[in-house]
1. Among the residues that make up the range 313-320, is at least one of them within 21 Å of the chain's Cα centre (by Cα), of a type outside the set (S, T, N, Q) and under 25 Å from Met353 (Cβ atoms)?
2. Residues being under 19 Å from Ser144 (Cβ atoms) and within 16 Å of ligand 2 (Cβ to nearest atom): count how many of those fall in the range 238-278.
3. Taking the range 274-284, which residues are out of contact with any helix residue (DSSP H, G or I) (no Cβ under 7 Å at 6 or more places or on another chain) and either among the hydroxyl-bearing types (Ser, Thr, Tyr) or touching a residue at least 60 places away in the same chain (Cβ under 8 Å) (or both)?
4. Within the range 414-428, does at least one residue satisfy the condition of being at pLDDT below 95, in contact with a Gly (Cβ under 9 Å, 6 or more places away or on another chain) and more than 16 Å from ligand 1 (Cβ to nearest atom)?
5. Considering only the range 375-418, how many residues are of a type in the set (Asp, Glu), more than 16 Å from ligand 2 (Cβ to nearest atom) and under 22 Å from the mean Cα position of the chain (by Cα)?
6. Can you spot a residue in the range 130-146 that is within 16 Å of ligand 2 (Cβ to nearest atom), buried (at least 18 other Cβ atoms within 10 Å of the Cβ) and within 30 Å of Glu238 (Cβ to Cβ)?
7. What single numbered condition from (1) at pLDDT 90 or above; (2) of a type in the set (A, V, I, L, M, F, W, C); (3) more than 14 Å from ligand 1 (Cβ to nearest atom) fails to hold for Phe277?
8. Residues Ala42, Ala53, Ala48, Ala92: which one is of a type outside the set (S, T, N, Q), more than 28 Å from the chain's Cα centre (by Cα) and modelled with pLDDT of 80 or more?
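The values are calculated or read from the model by the stated rules, or taken from the named source; none is laboratory data. Bear in mind that the values here come from a model prediction, so they are computed numbers and not experimental data. Because the Cβ atoms are built from the backbone with ideal geometry, glycine has one as well, and the counts that use them run over all protein chains shown.
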Amino acid sequence: MLFRRKNINPDFEKRANALDEEPQFASDESVVTLSSETNTNAESEEKAVKQRAVDETRKQLEQDLEIKHYFHKKLLETLDLGLLSSLDEETAKKELHLAVQTLMNDDNHHPLSHEGRKRVLGQIEDEVFGLGPLEPLLKDSSVSDILVNGSKNVYVERRGKLERTPYTFLDDRHLRNIIDRIVSLVGRRIDEASPMVDARLQDGSRVNAIIPPLAIDGPSVSIRRFAVDRLTMDNLLELNSLSPQMSQFIKGAVKGEMNILISGGTGSGKTTTLNIFSGFIPEDQRIITIEDSAELQLQQPHVIRLETRPSNLEGKGEITQRELVKNSLRMRPDRIVVGEVRGSEAVDMLSAMNTGHDGSLATIHANTPRDALSRVENMFSMAGWNISTKNLRSQIASAIHLVVQMERQEDGKRRMVSIQEINGMEGEVITMSEIFRFERQGVDKQGNVIGEYKATGVVPECHSGLVKRGIDLPFELFNELKNNQG
Ligand SMILES: Nc1ncnc2c1ncn2[C@@H]1O[C@H](COP(=O)(O)OP(=O)(O)OP(=O)(O)O)[C@@H](O)[C@H]1O
Ligand SMILES: [Mg+2]
């Protein structure tokens, strides 16, 4: 019998049940790196134990999946799911439970323990009312990304670490059904004619789905979660993503209305950092955020969130970031926060910064602070701005005060590798001075990057301006002799 479970070891069952409730296989502990040699063995032993637990849970879930599928199919034959959706959720769930229980009682080919029944019932409920195997992950607020690579590989990212989960789909068709459900929620379709779709879940999470023939190895889904526990500055300090001195300087700079550009590669933590920096804006200020897809979650009371709109199927109705930036200037903002500058909106943002809208924050996709400035320069040219290089650069130099560089390094950790101040121009070149940096010393045996956060000894020119605004940053912050392990 294909679906029959064999030799259920009670220990195994207990563990699987526990994992069902709280996925221990992916606890935060796995993120902690142990430094001393003696810990290394214990660490790899612990990893192996966790891996075994994940494997066993996966096996268990795969068996459950087949049983669940069997009962789900039976259910479709006996219960009118359309009717179910017309009921309120509680009554619908009761009806569903009743129907499944009757099916289970009448069935003697799929023996299930009491716990097993509960589990399968929960899974059927997720299947009928939610997004199937993705549902437990969507309920886990520590998961920031869910990545489905075909029906058998589901990965999640927690606190910046990618891990494979034991959750799987029965087959590609099952996965396609779930994708169809996601896109139909937003009135979209996915099929051979339009095989990639961007959608948004009810909680605001962003979903991208792409299916064969474009995705060669089966349907692929990437979900950027919205309702997750956002990292705070304290978390960043615990994670050693920057030093306390850097944090103190940034806090002062944001309060003191410096214009700050956060630069970094894909997934380097730009948006997270922007979110945290924005948190230092005083509560009595009016903040306007502009994003392509709203990710920022500011806690201040006076925030207006704007989001661009793509064109509709007829290619009409597009509203760009540039238009939103222009509009935001008519909304009496104290601060403008732009999720990511990518194009012509840079022109309006910079001219706003140069005409008294200080304290703006934005991210940009670049690998070094210098590179970030060249990107801004390119954005001006792309927007058809025709002024001399020198003129353009001096505009940039006077608009942006600080560039903060984020990096996702090969050990998977995000680090603030540089904070640079823009000082002005020397001939045709923008001059910058580094205030803090991450000085990399090497890589240990486990592949962890070793290094220190250092002040360069340069006191930023903005210091006196900040003091005048009542933000008194002690000179010791910039003392190069004080280092922090990274
Ligand atoms: N300092 C950090 N330490 C650990 N994890 C982090 C850190 N900063 C961000 N993350 C995690 O890294 C992932 C990517 O972060 P984020 O979205 O901020 O990056 P990004 O540079 O804006 O990415 P994108 O290029 O996609 O816009 C998220 O899961 C986030 O929770
Ligand atoms: Mg981002």
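1. Step one: of the range 313-320, the residues within 21 Å of the chain's Cα centre (by Cα) are none.
No, that holds for no residue.
2. 17
3. As a first pass, look at the range 274-284 and keep what is out of contact with any helix residue (DSSP H, G or I) (no Cβ under 7 Å at 6 or more places or on another chain): 274-275, 278-279, 283-284.
Selection gives Leu274, Ser278.
4. No, every residue in the range 414-428 fails to be at pLDDT below 95, in contact with a Gly (Cβ under 9 Å, 6 or more places away or on another chain) and more than 16 Å from ligand 1 (Cβ to nearest atom).
5. Just the residues of the range 375-418 that are of a type in the set (Asp, Glu), to begin with: 377, 407, 410-411.
After this cut, where a residue has to be more than 16 Å from ligand 2 (Cβ to nearest atom) as well, the list is 377, 410-411.
Pick out the ones that are also under 22 Å from the mean Cα position of the chain (by Cα) and you get 410-411.
Number satisfying all stated conditions: 2.
6. Initial filter on the range 130-146 (within 16 Å of ligand 2 (Cβ to nearest atom)): 144-145.
Applying the additional criterion that residues be buried (at least 18 other Cβ atoms within 10 Å of the Cβ) yields 144-145.
With the extra rule that they be within 30 Å of Glu238 (Cβ to Cβ), the set shrinks to 144-145.
Checking the range 130-146: at least one residue is within 16 Å of ligand 2 (Cβ to nearest atom), buried (at least 18 other Cβ atoms within 10 Å of the Cβ) and within 30 Å of Glu238 (Cβ to Cβ).
7. (3)
8. The unique qualifying residue is Ala92.
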